[in-house]
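No lab work stands behind these numbers, since they all come straight from the coordinates. All values derive from a computational prediction rather than experimental measurement. Cβ atoms come from the backbone with ideal geometry, glycine included; neighbour counts cover every protein chain shown.
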Amino acid sequence: MKCVKMAALHALAGLTLMIPLSGVAGDAQQGKSLRPVVESQQQQLPATVDAPVYQPPPRGAPGGRVGGSSRGLEDRLPRLSVLAPDHTGLTVQEQPFTAETPIGRVDMVNLIVRLPGKRTDKILFTGHYDTKLFREFQFVGASDGASSGAFLIELARVLKDAPHEFTYEIIWLDGEEAFCKSWTECGKPDSPDNTYGSRYYVQAAQKANAIQAIKAMILVDMIGDRDLGIRRDSNSTRWLTDIVWNTAASLKLSNYFLPAATTVEDDHLPFIAAGVPSLDIIDLDYDAWHTQRDTLDAVSARSLQVVGDVLLAALPQIEARVR
Ligand SMILES: [Zn+2]
C-alpha cells in the first residue's frame, strides 16, 4: 500500500532549504550564501522528492510516525542522508537499534555525522527527528521533530569547514517521543517510554568506554516556534545554560532566550545521568504542541536562525570551558 506519510520530512526539507546559519563560525563562513546550497541540493535530491512514498517499516509498523523504521529502504526516498547529501562532504553513520516499546519492538536509527577535530574529545549537537505517533490524525511535527532535524542539517554544513579543535558529532536522535499518549503513561522506572535514541546512544558510549570523551552536549528541540521564547531549563547544566543565555543577551536576543526558568525532561537527561554537561534549548510554550496544528505555518525560519546564531557565538566559550 502506498500513501504519503512523510509530511514531517517534507516540512524538514522545506525548512532546510529556507534556513542558512550565517557568519558566526569564523571568517571561513563569511560570504557563504544560501543560494549555491539550494541549487546544489536541488541537483542532488531525487526527482521523486515531491512525492515520497511511505514504506511500511520492517518491524513495529507504527504508521503515522516518522522515524528510523519509517524511512523505507529505497534510495529515492527523501532520507536524512539524502537531505545531507554527499556534496557537503559529510558522511552519515547509522546507529540502528531495536526498542522495546508499549506497541512492541520498533526498529530505530540514530544518525550521526562526525566532524573530526584536532583532538578526539567531543562536543555533541543533538536533536530528535522522529515525530510522535498519532493514529487519529496525520501529525506533521513542523516544530516538534522537523525543526531540530532541519537545524542540525544546516549546522553540519556550517561547521564542517570551520577549523575546530574538538571533534563535533551532530546526532539526529530517533525515538524521543513516547508511544503512549503522555510522556510517562506507559513507562517504568527502568524502561521509560521516551528518549529511546538518546538512552541507546549513551549506553553504547558507556559500553565502548567513550563517555569520558564527551565534554558537552547541546540539544535543540522545538525551536521552530514562530513566536520563539526559550526558557532556561533547570535540568540542564548550569554553566552551559549561563554561557548560552549570556551570549544571547550580548547579541540582544534576550527576547527569545528568556530569563524565566522551567524544568524539562528530554533527550539530555540520559547524558546528564552519565555525567556529561548538557543543555536543552527548547521552546515548550507552543500552542500547536502535539496537535495537528504543528505545521509549517506555525514555525519560522527566523527562529532557527536565532538559535543558530546564539549557539555558534557561544561555542568558543563552551570550548574554552571544557578544554
Ligand atoms: Zn513531542
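Output the peptides 296-308, 258-270, 200-212 sorted from most to least packed, where packing is the average of other Cβ atoms within 10 Å over each peptide's residues.
Listed from highest to lowest mean packing, they are 296-308, 258-270, 200-212.
Per residue of region 274-283, in order, report the coupling 6.51 cos²θ - 1.76 cosθ + 1.60 (Karplus, θ = phi - 60°) as ³J(HN,Hα) in whole Hz, putting x for Gly and Pro.
For region 274-283, the Karplus curve yields 8, x, 8, x, 9, 9, 9, 9, 9, 10 Hz.
Scan around ASP121 for amide H atoms under 5 Å from its own, H built in the peptide plane at 1.01 Å from N, and keep only partners 5 or more places away or cross-chain.
Here the answer is THR167, since their amide H atoms fall under 5 Å of that of ASP121.
Amide H to amide H under 5 Å from THR101: which residues, 5+ apart in sequence or cross-chain, H placed 1.01 Å off N in plane?
Residues meeting the amide H criterion: VAL106.
Dipole magnitude of region 165-323 about its Cα centre, charges +1 at Lys/Arg Cβ and -1 at Asp/Glu Cβ only, in debye to the nearest 20?
The dipole of region 165-323 has a size of about 560 debye.
Compare the peptides 130-138, 271-279, 165-173 by average per-residue count of other Cβ atoms within 10 angstrom and give them in order, highest first. Mind showing how you got there, number by number?
Working: 130-138: 17.2, 271-279: 20.2, 165-173: 22.2.
Sorting 130-138, 271-279, 165-173 by mean packing, highest first, produces 165-173, 271-279, 130-138.
Between TRP239 and ASN255, with labels modelled 7 Å along Cα→Cβ, what's the label distance in nm to one decimal, could you check?
3.3 nm
Could you order the peptides 312-318, 192-198 from most to least packed, using the average number of other C-beta atoms within 10 Å per residue?
Per-residue Cβ counts within 10 Å, averaged per peptide and sorted highest first, yield 192-198, 312-318.
For labels at THR184 and ARG114 in the simple 7 Å Cα→Cβ model, what's the distance in nm?
Roughly 3.7 nm, to one decimal.
For ILE281, what residues show an amide H to amide H distance below 5 Å, using hydrogens built from the backbone and excluding near sequence neighbours?
LEU219, VAL220, ASP221
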